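Structure first, then comments.
Nothing in this text is a laboratory measurement; each read-out follows from the coordinates by a stated rule. The shown structure was predicted, so the numbers you read here are calculated from the model rather than taken from an experiment. Every residue, glycine among them, receives a Cβ derived from its backbone with ideal geometry; neighbour counts consider all protein chains shown.
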Amino acid sequence: MGTFQKRVLEVIQNLNWLLESHDSTVELIAVKGNKVVLRCIGHCHDCETDCVGVAFRERMPEVELVFQ
């Protein structure tokens, strides 16, 4: 596992810690170059707040997020 993927997993781990209180979670589906494919489960799936996007833009602005 490379450094980039480790950083992605760290962001996801921090997000999931916060999203638990909303009965939600984020799953990593794939990493392809700088493209990160995620699945949001629970209430956050249709949320307009975009906590996941904000977290990645703040910590890893080079990431292109794709949601399934």
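So here's what we get for this one:
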{"quantity": "Those residues of the stretch 4-34 which are surrounded by fewer than 12 Cβ atoms within 10 Å (Cβ to Cβ) and charged (D, E, K, R), in sequence order", "calculated": "Lys6, Glu20, Asp23, Lys32"}
{"quantity": "Exclusive hit being aliphatic (A, V, I, L, M) and part of a helix (DSSP H, G or I), set Leu65, Leu38, Leu15", "calculated": "Leu15"}
{"quantity": "Residues that are surrounded by 12 or more Cβ atoms within 10 Å (Cβ to Cβ) and either in contact (Cβ under 8 Å) with a residue 12 or more places away in the chain or among the aliphatic types (A, V, I, L, M) (or both), drawn from the stretch 53-63", "calculated": "Gly53, Ala55, Phe56, Arg59, Met60, Val63"}
{"quantity": "Test: residue in the stretch 25-33 that is over 13 Å from Gln5 (Cα atoms), outside any loop (DSSP other than H, G, I, E, B) and among the polar types (S, T, N, Q)", "calculated": "yes"}
{"quantity": "Residues of the stretch 42-52 classified as surrounded by 14 or more Cβ atoms within 10 Å (Cβ to Cβ) and in contact with an Asp or Glu (Cβ under 7 Å, 6 or more places away or on another chain), total", "calculated": "1"}
